[in-house]
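Read through the structure below, which is laid out as structure tokens, and then see the notes.
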Amino acid sequence: QSMSYAKLAGLPVEYGLYSAFVPVFTYSFFGSSRQLAVGPVALISLLLSTGLSSVMDNKGISLDDPQYTQIYTTLAIQTAF
């Protein structure tokens with residue numbers, strides 16, 4: 001499920017695996033509620049894809065650009081934090 005959310009956001013599917021593992025691992029150390037569910041959700045993936053695609057279009061960077069994936073991934077990580 002998290003891999004498909006990464007694909008919805010326009011990121012490589014490996015990032016979906018990271019987004020499923022890292023929040024749970026981090027929350028196990030710092031969280032205080034056993035009932036809280038953490039991880040990626042479809043709505044945020046769609047919003048991220050729409051927003052970042054708009055930014056990329058405004059900068060004039062197309063899918064054919066060799067650095068598209070690198071720039072898109074950097075923007076996605078910066079948006080998450």
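Once both axes come from the Cα atoms, what is the angle between helix 68-80 and the longest principal axis of the chain, in degrees from 0 to 90, rounded to 10? Helix 68-80 and the main axis of the chain meet at about 40 degrees. The convex hull around the C-alpha trace of the range 1-42, projected and averaged over every direction, spans 2.9 square nanometres. Once both axes come from the Cα atoms, what is the angle between helix 42-58 and the longest principal axis of the chain, in degrees from 0 to 90, rounded to 10? With rounding to tens, the tilt is 30 degrees.
Ligands, DNA and RNA left out, the 1.4 Å accessible surface of the chain is 63% carbon and sulfur atoms. Between Tyr68 and Val38, how high is the FRET efficiency from 1/(1 + (r/R0)^6) when r is the Cβ-Cβ distance and R₀ = 35 Å? Nearest 0.05. Computed FRET efficiency for Tyr68 and Val38 comes out at 0.75. Solvent-accessible surface of the chain, averaged per residue with a 1.4 angstrom probe and all protein chains in place: 75 square angstrom. Compactness check for the chain: Cα Rg over 2.2 N^0.38 Å is 1.21. A simple spin-label model places the labels of Ser28 and Ile61 3.4 nm from each other, with each point 7 Å out along Cα-to-Cβ. Relative to the longest principal Cα axis of the chain, at what angle does helix 13-30 sit, 0 to 90 degrees, rounded to 10? On a 0 to 90 degree scale, this one is about 30.
The values are calculated or read from the model by the stated rules, or taken from the named source; none is laboratory data. Just so you know, these numbers come straight off a predicted model, no measurement behind them. Cβ atoms come from the backbone with ideal geometry, glycine included; neighbour counts cover every protein chain shown. For accessibility, only protein heavy atoms count, side chains too; no ligands or nucleic acids. Shrake-Rupley method; radii C 1.70, N 1.55, O 1.52, S 1.80 Å.
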